Amino acid sequence: MLDCCSRRWTLLAGSLACLTLFGSLLIQWPSLLKMTPKSETEVMSINATNTTVLVWYWPFGHKFSMDGNVCWERFGIPNCKLVDDQSMFSQADFVVFHNRELMIGQQALPVHLTRPQTQKWVWFSLESPAHNGNVELFNGQFNCTMSYRRDADIYTPYGSLVPQDFGSGITVEDFIPKKKTSLACWVVSNFAAHHKRTAIYNQLKRIIPVTVYGGGVNKHLDRKALLPTISHCYFYLAFENSIFKDYITEKLWYNGLMGGAVPVVLGPPREQYELVAPKDSFIHVDDFPSLKELGKFLKKLAKDKERYASFFNWKLKYRSTANQYVDWRERFCKICPKASSLQKHKVYKDLYSWEYQ
């Protein structure tokens, strides 16, 4: 009898609990109907395509897949639609043209098409002015520059240093390759007699031993062998093929800083290097009154382990990235976040003067 009553009370308590929960839901139901899941709201915002960037043709003919929402799905850049279908010309906010194909006559500006009033044309080049040809042909056509130049409308450097937390217990010695077999090395693809770097090399090799790869001088290094080979050198000659404002290429970012050798740079003045890299992460040719003094310094530095190690202190805080090998799509998607900050009515009436200023 007691067991029967106990079961009845248990059932009654359970029923009352259910009625209480049901009543609570009835009270809250109107507000629940109006709620939108947070994740859905975020997706709606993220997948919006407010800015359309049209790649009129791919640099060097290296075409990439455009499936899906490329900018968001691959690079986390929202509100950006990247396309390469020329029939979408009238819908594009930005149209990107790579200078090289224009110069060699492989492509042409679509001046025969009716250009939307608010559409911006982007002149894109990672070459120095010495290798860009006669850009005066394009005066009055472009609204934006996309370049390694720090004062370009869309700054696209060859590389950068990214803050990195390596945790505790890491010392600078952990970043210095142990097997050093050469004092200095140089990898060159374009060995031209008229280049300043060639003249510097011809003098420097009489003062210190320099191992050279590529350019018809010595064996070619493929991409897989490049960094391991450089890591065996104390110093890497990061010599640019021409000297212009901000022209600092993968020779510093990839070959030198990522290669595990101390870069010896030849390019723009030291002040411009120091705007993008720590002053004690490289050696500048201009730091010395003569190449003989530079050679003596390199020989002495290679024997001073403590001082040599100080040129790697930056690795305790940063890692080097080389943007030369970044997907072209990522570069073009990065136009979108800058869209609102660009001048609305800017036109480059003298592109040549901008290049050489």
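Coordinate-derived values only; no laboratory data. Just so we're clear, the structure is a prediction, and the values are computed from it rather than from any experiment. Ideal geometry is used to build each Cβ from the backbone, glycine not excepted, and the neighbour counts take in all protein chains shown.
Label-to-label distance for I207 and S290 is 0.9 nm, based on points extended 7 Å past Cα in the beta-carbon direction.
Given the pairs K179/K305; K180/K300; K178/K315; K245/K315; K81/K120, which are separated by over 21 angstrom at their Cα positions? List each step's numbers first, then the result.
Working: K179/K305 13 Å; K180/K300 15 Å; K178/K315 16 Å; K245/K315 26 Å; K81/K120 15 Å.
Too far apart for the 21 Å limit: K245/K315.
Magnitude of the charge dipole for the range 165-316, about its Cα centre and with charges confined to Cβ atoms of Lys, Arg (+1) and Asp, Glu (-1), is about 720 debye. Can you find, among A238, I248, G260, the residue sitting farthest towards the positive end of the charge dipole of the range 218-265, where Lys and Arg contribute +1 and Asp and Glu -1 at Cβ? Of A238, I248, G260, it is G260.
Quick one: if the Förster radius is 22 Å, what FRET efficiency do D85 and Q343 give, using the C-beta to C-beta distance and rounding to 0.05? Intermediate results must be reported in sequence, preceding the final value.
On the way: r = 27 Å, r/R0 = 1.25.
Once the sixth-power term is evaluated, E becomes 0.20.
Ranked for footprinting exposure by Cβ neighbours inside 10 Å, fewest first, I170, I77, I200 give I170, I200, I77. Summing Lys and Arg as +1 and Asp and Glu as -1 over all other residues whose Cβ lies under 14 Å from the Cβ of I154 gives a net charge of +2. In summary, the aspartates and glutamates within cross-link reach of K63, defined as a Cα separation below 17 angstrom excluding same-chain residues under 8 places away, comprise D84, D85, E101, D327, E330. Overall, the anisotropy analysis places the range 186-343 in the prolate class: the square-rooted eigenvalues a ≥ b ≥ c of its C-alpha gyration tensor yield a/c not less than 1.5, with a/b exceeding b/c.
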